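To keep things clear, I will list the structure first and then write my remarks on it.
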Amino acid sequence: MRISLRVKWVIYIAILIVLSASALSFYFIGKLKTSEKAHLVRQGLNLTSNLAYNSEYGVLIANEEMLSKLIQGVTREKDVVYCVIQDLQGRILSSDGVNQGHFVFTEDFNKKALDVKTSLVQFYYSPKGVGIYDIAVPIISETKESYADELEFFAADQQFPLKTESSKIGVARVGISIASANKRIYMVQRTALIATSIVIVIAVFITYFMVGAIVTPIQRLVKGTKTLAMGNLDYRTSIQTNDEIGDLGKAFNKMTKDLKASRDELVKAKDYANNIIESMLDSVIIVSPEGRIVRVNPATVDLLGYREIELIGKGLAIIFLDGKMPFEGKRLKALIKEGKLGNYETYYQAKNGKKIPVLFSGSVMKDIYGSVICIVCTARDITDRKKTEETLQKAYTELKETQDQLIQAEKMEVVGSLASGVAHEVKNPLSIILQCVDYLLEKVKTDDKNIAMTLGHIKDSVKRADNVAKGLLDFSSLSKLNVEEYNLNAIAERALFLMKHQFDRHHIAIERQLDNDLPLVKVDRNRIEQAFINIFMNAASAMHAGGKLTIASYVSKSDNEDKTVIFHIEDTGPGIPEETLGKIFDPFFTTRREFGGTGLGLSVVMNIIERHNAKISVYNRQEGGVRVSLIFKA
Amino acid sequence: MAKRKILIIDDEEVFAQMVKLNLEDTGQYQVRVETKGSQALATAQEFGPDLIFLDVIMPDVDGGEVAYWIERDEKLKSVPIVFLTAVVRKQEETIQDGIIAGHPHPFIAKPVGVKELLDCINRCIE
Ligand SMILES: Nc1ncnc2c1ncn2[C@@H]1O[C@H](COP(=O)(O)OP(=O)(O)OP(=O)(O)O)[C@@H](O)[C@H]1O
Ligand SMILES: [Mg+2]
């Protein structure tokens with residue numbers, strides 16, 4: 001049970017007063033009782049002594065009437081209950097008041113009284129319950145001087161030897177009631193009690209209010225503290241006393257004010273920080289040192305499609321593509337050591353599995369002792385940027401290609417006009433030489449074989465020079481591409497048609513494996529035809545003793561959407577020796593110079609193919625012969 | 001049997017004269033040389049050839065234009081024309097006997113030997 005401070009103090013004070021009052025009363029009433037008793041006994045002794053003295057004569061003469069008068073005079077005195085005069089044998093010579101029921105003695109008691117020498121005080125309770133002093137004084141027949149008067153009353157029950165010769169003739173006994181004395185004592189007691197009670201009541205009141213003066217402000221402080229604890233920092237106590245408690249109150253109010261100010265500051269700062277996190281467009285994820293997600297902002301929820309509760313408490317790996325975190329192993333160490341990992345490009349994975357490219361940054365928050373509190377992960381969605389980058393990259397590549405093509409075209413134009421000029425200027429003299437040689441061959445009929453041989457050499461040389469000039473013209477004709485969408489099969493067919501004569505002459509069979517569903521490809525028809533013809537001519541040259549040429553086309557779908565059209569041209573010739581395989585595209589590399597080869601055929605093909613952004617590869621087939629592959633982007 | 005008349009129109013005079021020499025040496029042809037494109041039509045009208053060799057690239061009027069006018073001349077339009085040209089690519093040479101599909105006239109690539117010329121004449125005039 002809880003007892004308030006005020007009640008406690010009141011009880012303490014009351015107990016204190018009661019105790020001290022009781023002690024005082026006990027002492028003073030004790031004193032009072034003793035003095036009352038002494039007073040009664042002295043009064044009784046006086047009375048009895050007087051009676052004994054006065055009744056000497058009456059006893060001696062046994063005059064009852066005389067004695068009776070004396071006795072009545074005594075019983076009229078205050079507090080006297082009875083009065084008896086006895087002779088030595090205990091016979092009552094005269095009495096008064098004995099019938100009132102107080103005078104009942106035991107034998108022993110009577111004997112003692114009769115044996116009294118100077119005086120005897122005995123105490124008993126009468127049958128009526130009244131305390132009574134029985135005082136006995138001997139009645140002396142005085143022949144000599146008596147000292148009884150001068151005896152000490154307080155030592156009344158002591159036997160003093162009489163110093164004179166005297167004879168005891170009877171005993172005077174007086175019964176003194178203590179009832180009135182008791183009554184007086186009782187009255188005093190009662191007064192004391194009442195006074196004490198009044199004091200207690202007053203003290204309680206005074207205590208109550210005095211303690212109140214201390215307790216009330218404390219109670220106010222307690223109330224204030226409770227209100228404070230409940231969060232109401234606007235509470236102020238109204239203690240205004242000009243003392244220590246007043247100081248306490250002022251201190252309390254100041255403390256509350258300061259507390260409120262600092263709390264407001266804190267709340268403001270926290271709100272501010274919260275608002276920043278909540279309103280950030282970038283994803284913010286707070287991770288515990290154990291790698292669990294502690295908090296995410298709305299941007300994260302929007303980005304990943306998870307609900308907040310689906311993320312809180314989960315391992316951070318959940319949000320990374322295939323669970324691959326950017327800080328593992330080396331990078332994690334670096335992160336912990338340096339405290340941050342900046343702008344690292346990685347991928348998040350949304351709830352629906354979507355891959356989201358992000359610019360990820362992590363930073364470690366440490367307390368002042370250097371242990372990790374949390375890791376703050378921010379990420380910016382860079383899908384758009386990635387897209388733009390890709391588009392830019394693509395545009396750049398295209399631009400580069402176009403530029404390359406333009407440069408190439410320009411180069412080709414210079415080479416072309418040069419080549420065609422040279423070819424023309426060279427061919428005319430060659431024509432003249434050829435006509436002249438033919439003339440001489442006709443006219444110079446001689447047995448000298450060397451002349452015919454020499455003229456033959458001239459003719460061959462003319463053909464060779466002419467072939468080179470023609471090759472240069474081929475090269476020069478590449479300057480401008482005239483692209484349109486074509487079915488490559490058709491172009492290949494036309495090249496085959498133009499080559500028919502050649503193939504027939506060399507007994508070469510043609511096998512076609514053409515895919516009829518080729519997508520259209522943007523090409524310069526004439527140039528591609530030229531490339532096919534050059535390739536076919538090489539095949540025909542390699543199979544001058546007959547063989548089979550296979551031409552196949554098909555569409556290949558690669559992993560992305562770009563389709564490609566692929567052509568294979570295979571022959572059954574001898575193939576290309578490994579050591580020369582690397583040189584066949586070099587201009588003027590030929591193994592067939594004596595048969596009029598210029599070594600420009602495949603360089604022209606390469607040029608055409610490259611300018612169409614296609615690819616060419618030439619390799620020996622396992623079964624023998626050569627396969628040329630052309631790969632076009634559809 | 002009368003000699004066939006052959007007209008050579010070529011700005012390269014030495015070449016034209018050598019061709020003339022070689023063809024006339026066979027004894028079967030009467031050959032005339034014209035080195036100016038601008039004069040070609042007039043010469044042809046006057047000469048009345050059975051076959052015309054026509055150079056494509058000439059300084060004043062080129063072979064194509066000459067052919068255009070000859071094709072539109074009443075007397076000459078049936079006369080076969082064979083182009084002589086130095087600007088022939090290898091691809092075109094492979095084409096059988098210098099005839100490109102769709103081309104109205106065959107052509108011969110320079111340099112050309114006597115035998116090829118005679119083959120060509122025989123094919124065109126027969
Ligand atoms: N199908 C093939 N079989 C064997 N060898 C080949 C084949 N195609 C090319 N070559 C080799 O590659 C060389 C270079 O070929 P390229 O077409 O460039 O020149 P060329 O054919 O020799 O001369 P040109 O094409 O001017 O007649 C050839 O000389 C030949 O040795
Ligand atoms: Mg070749």
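Values quoted throughout were computed directly from the atomic coordinates according to the rules given, and no laboratory measurement underlies them. Keep in mind it's a predicted model, so treat the numbers as computed, not measured. Here the Cβ positions follow ideal geometry from the backbone for every residue, glycine too, while neighbour counts run over all protein chains shown.
As an exercise, find the ratio Rg/Rh for the stretch A:518-634 from alpha-carbon atoms, using the Kirkwood inverse-distance average for Rh.
With Rg and the Kirkwood Rh in hand, the quotient comes to 0.97.
For the stretch A:280-381, what is the convex hull volume of the alpha-carbon atoms per residue, in Å³?
On the way: hull volume 9.2 nm³, N = 102.
Convex hull volume per residue, Cα atoms: 90 Å³.
Compute the FRET efficiency between A:R263 and A:I309 as 1/(1 + (r/R0)^6), taking r as their Cβ-Cβ distance and R0 = 25 Å, and round to the nearest 0.05. Let's see the in-between values first.
Values: r = 30 Å, r/R0 = 1.19.
The computed FRET efficiency comes out at 0.25.
Fully extended, how many nm does the chain gain between A:E623 and A:T397 (0.36 nm per residue separation, minus their Cα-Cα distance)?
Full-extension gain reported as 77.4 nm.
In what sequence do A:I608, A:I29, A:I309 fall when counting other Cβ within 10 Å, fewest first? Intermediate results must be reported in sequence, preceding the final value.
Values: A:I608 26, A:I29 15, A:I309 8.
Placing the least packed residue first, the sequence is A:I309, A:I29, A:I608.
Among the aspartates and glutamates, which have Cα under 18 Å from the Cα of A:K260 when same-chain residues fewer than 8 positions away are ignored?
Within the straight-line cut-off, A:K260 pairs with A:D234, A:D271.
Please give the contour-minus-distance gain from A:S461 to A:I206: 0.36 nm per residue of separation, less the Cα-Cα distance, rounded to one decimal in nm.
Numbers: separation 255, 0.36 × 255 = 91.80 nm, distance 14.77 nm.
Result for the pair: 77.0 nm of gain on full extension.
Where Lys and Arg each count +1 and Asp and Glu each count -1, what net charge lies around A:Y272 among other residues with Cβ under 15 Å from its Cβ?
Once all neighbours under 15 Å are counted, the net charge is -1.
Would you list, by chain and number, the lysines whose Cα falls below 19 Å from the Cα of A:K337, excluding same-chain residues fewer than 8 positions away?
Cα-Cα hits under 19 Å: A:K366.
Rounded to the nearest 5, what is the percent of antiparallel bridges among the DSSP beta bridges in the stretch A:531-606?
Working: 8 of 8 bridges.
If I count the DSSP bridges inside the stretch A:531-606, around 100 percent turn out antiparallel.
For A:S22 and A:T227, what is the calculated FRET efficiency with R₀ set at 51 Å and r taken between the beta-carbons, to the nearest 0.05? Mind showing how you got there, number by number?
Working: r = 45 Å, r/R0 = 0.89.
The value I calculate is 0.70.
For the protein assembly as shown, give the share of DSSP beta bridges that are antiparallel, in percent and rounded to the nearest 5; count only bridges with both residues there.
On the way: 79 of 102 bridges.
Once the DSSP bridges in the protein assembly as shown are tallied, antiparallel ones form about 75 percent.
Students often check this: by mean Cβ neighbours within 10 Å, which of A:43-52, B:55-64, A:113-122 ranks highest, and how do the rest follow?
The densest-packed peptide leads the list: A:43-52, A:113-122, B:55-64.
Can you bin every Cα-Cα distance in the protein assembly as shown into 20 Å intervals starting at zero and give me the percent of pairs per bin, rounded to whole numbers?
Reading the bins upward from 0: 11, 18, 13, 9, 9, 8, 7, 5, 7, 7, 5, 1, 0.
D for the stretch A:176-289, whole µm²/s, Stokes-Einstein with Kirkwood Rh over alpha-carbon pairs at 25 °C and 0.890 mPa s: what number?
Working: Rh = 20.1 Å.
Here the translational diffusion coefficient equals 122 µm²/s.
At a Förster radius of 60 Å, what calculated FRET efficiency corresponds to the Cβ-Cβ distance of A:D247 and A:I382, to the nearest 0.05?
Details: r = 64 Å, r/R0 = 1.06.
Calculated transfer efficiency: 0.40.
Please state, as a whole number in µm²/s, the translational diffusion coefficient that the Stokes-Einstein equation yields for the stretch A:222-303 at 37 °C and 0.692 mPa s, with Rh defined as the Kirkwood radius across alpha carbon pairs.
Working: Rh = 15.9 Å.
Rounded, D is 206 µm²/s.
Which entries in A:K557/A:K615; A:K33/A:K168; B:K5/B:K110; A:K400/A:K633; A:K37/A:K128; A:K583/B:K115 show an alpha-carbon gap greater than 27 Å? Let's see the in-between values first.
Numbers: A:K557/A:K615 16 Å; A:K33/A:K168 34 Å; B:K5/B:K110 21 Å; A:K400/A:K633 17 Å; A:K37/A:K128 20 Å; A:K583/B:K115 37 Å.
In this structure, A:K33/A:K168; A:K583/B:K115 lie more than 27 Å apart at Cα.
List the lysines whose Cα lies under 29 Å from the Cα of A:K254, skipping any in the same chain that are fewer than 8 positions away.
Partners within reach: A:K223, A:K226, A:K268, A:K270.
If we count other beta carbons within 10 Å of each Cβ, what is the order of A:K445, A:K583, fewest first?
Numbers: A:K445 8, A:K583 13.
Going from sparsest to densest Cβ surroundings: A:K445, A:K583.
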